[in-house]
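Readers should treat all values here as calculations from the given coordinates under stated rules, not as data from a laboratory. Model, not experiment: these values are computed from the prediction. Please note: Cβ atoms are built from the backbone with ideal geometry, for glycine as well, and neighbour counts cover all protein chains shown.
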Amino acid sequence: MKYRLLGRTGVWVSELSLGTMTFGGRGHPVYGAMGALGPDEADRFVGAALDAGVNLIDTADAYANGESEELLGRVIRQRRADVLIASKVIAPLGPGVNDHGLTRLHIMRALEESLRRLRTDYLDVYYVHNWDPLTPLEETLGVLDDVVRQGKVRYLGAANLAAWQISKGLGLSALHDRARFVVGQTAYSLVTRDAEHELIPMGVDAGLGLTVTKPLADGLLTGKFSNGPVPDSRRGRIGSTLQLRVDEQKAVRVVDVLRTVAERHATTSARVAIAWLLAQPAVTSVTLGARTPDQLTENLTAGQLTLTAQDLAELDEASRPAPPYTSYMQSNFAPIRTPAAHQLDS
Ligand SMILES: NC(=O)c1ccc[n+]([C@@H]2O[C@H](COP(=O)([O-])OP(=O)(O)OC[C@H]3O[C@@H](n4cnc5c(N)ncnc54)[C@H](OP(=O)(O)O)[C@@H]3O)[C@@H](O)[C@H]2O)c1
């Protein structure tokens, strides 16, 4: 396992981390049920991940309606000091009108409940799980700063936020001398590269870490759907509203190229898709999702694969997103903003 710095914190995290969205079988009103792993399987998954060198585990209060945190808390107790635990807040945890969001009211309660379920005194990373349009970001950052100062949270993260939302948060934190977001989290894969337009350049400029979710696009990039639907699969089980939205036509091309590259290295498409993410310089850690021990074993070895320049070029060619309008304008402007251009003038 290789380790990468989490933004500017000085903390090293494993380049592959363990996602626990498949832990527990309780459904959530917004997030549905993504798996059904029980305590023994959760224990085996965590053991395998730690044995492989993983030191970052990702969960959320919403996963399996709290059951993911409960199972993780049960199996991690003896090994708490060996790992960083990241959890998240925003999702509804009850039927009440104030049982969700990024208010002081909800965050204080949700954090206590996450800590209780995880059987720990602190979270290493606490992400806002989404944008709350009703709560001023000043209020959210105020309560997040409080819980950092209380020692209940080590670092703050922002999941699923747009670049401007994170930038606004960083500005407010600097203005009010408060704890800042140190890491962003987003879905990123060979069929979902939109983060490259705004989020990634913003994060690099601000020195944020980046954890990646949905690296296999709900399993699509394994290539297992090439011959039609697979009933025993997430994409076969969950409805389209919970699935990542992708350009299906483009995905067919990407899956073909993945297969070609995988054959070249005598490996699997899943490993190539994860190795491509690891080759992207902005990525700190790829959060692995798995439903079976075999899938986890396969994905955990993706870091051993080094893609060649030719592999990367072929994958890029098949998956490159259309440039945004601003990028077109900026590339026209870029040549005159170089030291060389000015040396020619003088
Ligand atoms: N912040 C957020 O909003 C957010 C959102 C999503 C995820 N996450 C985090 O990111 C983690 C990973 O996301 P994800 O689970 O969506 O990742 P993913 O890699 O896109 O999908 C994982 C699913 O793909 C299938 N799969 C994985 N490896 C496979 C393999 N080698 N061969 C065949 N099928 C395979 C499995 O489903 P089937 O076998 O059932 O098809 C597995 O459950 C989550 O556990 C969670 O911690 C965060």
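What to note about this one:
- Mean Cβ count within 10 Å, highest first, over the residues of peptides 327-336, 115-124: 115-124, 327-336
- By the helix-only formula, in which each DSSP H run with n ≥ 4 contributes -39500 (n - 2.57) and the sum is divided by residues, the chain has a 222 nm mean residue ellipticity of -12000 deg cm²/dmol.
- Counted by neighbouring Cβ atoms within 10 Å, the residues Met108, Met202 run from fewest to most as Met108, Met202.
- When the chain is described by a simple charge dipole with +1 on each Lys and Arg Cβ and -1 on each Asp and Glu Cβ, the residue from Val97, His176, Val230 located farthest towards its positive end is Val97.
- Cα pair distances in the stretch 293-343, grouped into 10 Å bins until the bin that holds the longest one, percent each: 18, 21, 29, 20, 10, 2
- Base-10 log of normalised Debye intensity for the chain (one unit scatterer per alpha-carbon) at q = 0.10, 0.16 Å⁻¹: -0.61, -1.51
- Lys pairs, the stretch 3-345 - Cα-Cα below 29 angstrom, 8 or more residues apart or on other chains: 9
- By average C-beta atoms within 10 angstrom, highest first, the peptides 16-22, 157-163, 221-227: 16-22, 157-163, 221-227
- Charge dipole of the chain about the Cα centre (unit charges at C-beta), most positive-ward option of Ala266, Leu244, Tyr122: Tyr122
- P(r), alpha carbons of the stretch 156-202 - 5 Å bins starting at zero, rounded %: 5, 21, 31, 21, 12, 6, 3, 1
- For the pair Gln310 and Arg79, label points projected 7 Å from Cα toward Cβ lie 3.9 nm apart.
- For the chain, a crude dipole built from +1 on the beta carbon of Lys and Arg and -1 on the beta carbon of Asp and Glu, taken about the Cα centre, is about 300 debye to the nearest 20.
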